[in-house]
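The values are calculated or read from the model by the stated rules, or taken from the named source; none is laboratory data. Remember, predicted model here, so these are calculated numbers, not experimental data. Here the Cβ positions follow ideal geometry from the backbone for every residue, glycine too, while neighbour counts run over all protein chains shown.
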Amino acid sequence: MRIIQYFMIAWFFANYSFSKNLYYSDEYEIKFVSDNINLKKEEIINSIKYKSFKKLTNLILTNSEYQKLNDIINIDLINNFLFSLDINEEKINNKNYSSIIKITYDNSKIIDYFINNNINFVPYEPEKFLLIIFDQKLFSENILSKENKFYEYLFLNEIQYEYFVIPNLDINDRYIIKKEDFLSKKLKNYKQLIKKYKYKNILLVHSISDLNSVKINSYIYKNNNFLLIDNTSFPKINYELFYNNLQTKALNYWKNDNIVHSSNIQNITCRIKTLSLIELKKIKEIINNNNIIQKISANVISYNNSTYDLLFYGNLNILIKSLNKDKLELKSNKNNCRIKIL
């Protein structure tokens, strides 16, 4: 039994280590010919630093907060946030140079900078949206169908719109979501939809075409209601422009809904229930590494059931979600709060 317990703990912390991938850049291949290889190499690597850092911060900052940072960003600031710069497969042959580089950013330094400079942020990568599209034309109506041109475009451009999830578009889907759901602005089978796809973020698109134009309303499904986030029209549909705008607005809505206000500090007292001292040590390590938790301090110590005070930024719901992404469960009601491994 003890072996099984330790195996589960090891599995849990192995999975936890992968939750920080947001702060790892893509791999970039460098190839050039130059009379001054070192100078050219530095110039290209600096441009990659700008590109990768802006991509990272664009994911965890709203448009307005991103603009604050973008106005003051420079290479010295970016270098301050570097954890590592890996250069692999480096080859130099006369004036020819090639390599593959990958950058890792120090998430603690970045979040500390946001907090110290009153920049509000999201502590985790944006979640994906399940996309439900009703394409309503004069002589045809397609909801969850492979004949739906909106889905056809997404199938061909999935990488570009990585935060949109395409449903299976099978027969069963058409029983879950119907035309009447869009007209009444209620998803009758919402629970069934969540159970099937495991995505809680639902994005609904209603496109209405007539002889003159295409009008498109886009909604977030929240609290059993269609919440309008975009309405637009085209003489003729431009799918790229439509999806670019929709992904930006959906992500910005999500970020605003999950944002940590760095000036807002709260305190909560929680009981941590564990199987062993090793597990307690690891749970405390995760809590200490969570960037929205400013401090953890012991309140009452007892075997496998201790109480701690947590001082954290933002609100309780975001703290709960943040710990959940690190495989910890925080449950709180009234004056009762407990933390355990999921």
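Of a type in the set (Phe, Trp, Tyr), under 21 Å from the mean Cα position of the chain (by Cα) and either within 30 Å of TYR243 (Cα to Cα) or not assigned by TED's automatic domain parsing to the domain that holds VAL214 (or both) - does that describe any residue in the stretch 131-140? No: the stretch 131-140 contains no residue that is of a type in the set (Phe, Trp, Tyr), under 21 Å from the mean Cα position of the chain (by Cα) and either within 30 Å of TYR243 (Cα to Cα) or not assigned by TED's automatic domain parsing to the domain that holds VAL214 (or both).
When the stretch 273-331 is limited to residues that are assigned to a helix (DSSP H, G or I) and in contact with a helix residue (DSSP H, G or I) (Cβ under 7 Å, 6 or more places away or on another chain), the one that is surrounded by the fewest Cβ atoms within 10 Å (Cβ to Cβ) turns out to be ILE278. Consider THR62 carefully, then state whether it is touching a residue at least 12 places away in the same chain (Cβ under 8 Å), out of contact with any Lys or Arg (no Cβ under 9 Å at 6 or more places or on another chain) and of a type in the set (Val, Ile, Thr). The answer is no for THR62.
For the stretch 180-195, the criterion of being hydroxyl-bearing (Ser, Thr, Tyr), surrounded by 13 or more Cβ atoms within 10 Å (Cβ to Cβ), under 22 Å from the mean Cα position of the chain (by Cα) and under 27 Å from LYS321 (Cβ atoms) is met by no residue. Of all residues in the stretch 207-225, none satisfies the criterion of being aliphatic (A, V, I, L, M), free of Cβ contacts under 8 Å to residues at least 40 places away in the same chain and over 24 Å from LEU187 (Cβ atoms). Selection of the stretch 110-139 for residues being farther than 25 Å from ASN21 by Cβ and touching an Asp or Glu at 6+ places or on another chain (Cβ under 8 Å) yields PHE134, ASP135, LEU138.
Select from the stretch 20-55 the residues that are part of a helix (DSSP H, G or I) and under 22 Å from the mean Cα position of the chain (by Cα) and list them in ascending order.
Selection gives LYS20, ASN21, LEU22, TYR23, ILE48, LYS49, TYR50, LYS51, SER52, PHE53, LYS54, LYS55.
Within the stretch 226-249, residues that are at negative phi sit with their Cβ atoms under 7 Å from residues that are acidic (Asp, Glu), at 6+ positions apart or across chains, in these pairs: ASN245/ASP230; LEU246/ASP230; LYS249/ASP230.
Can you name the residue in the stretch 221-239 that is closer than 20 Å to ILE208 by Cβ and of a type in the set (D, E, K, R) and, of all such residues, is modelled with the highest pLDDT? Of everything passing the filter in the stretch 221-239, ASP230 is modelled with the highest pLDDT. Restricting the stretch 92-130 to residues that are hydrophobic (A, V, I, L, M, F, W, C) and assigned to a loop (DSSP other than H, G, I, E, B), the residue that is nearest to the chain's Cα centre (by Cα) is VAL122. Being β-branched (Val, Ile, Thr), in a loop (DSSP other than H, G, I, E, B) and closer than 30 Å to ILE202 by Cβ, is that true of even one residue in the stretch 56-78? Yes, because at least one residue in the stretch 56-78 is β-branched (Val, Ile, Thr), in a loop (DSSP other than H, G, I, E, B) and closer than 30 Å to ILE202 by Cβ. When you scan the stretch 71-92, do you find a residue that is crowded, with 17+ Cβ neighbours inside 10 Å and either modelled with pLDDT under 90 or farther than 20 Å from LEU22 by Cα (or both), even just one? Scanning the stretch 71-92 turns up no residue that is crowded, with 17+ Cβ neighbours inside 10 Å and either modelled with pLDDT under 90 or farther than 20 Å from LEU22 by Cα (or both).
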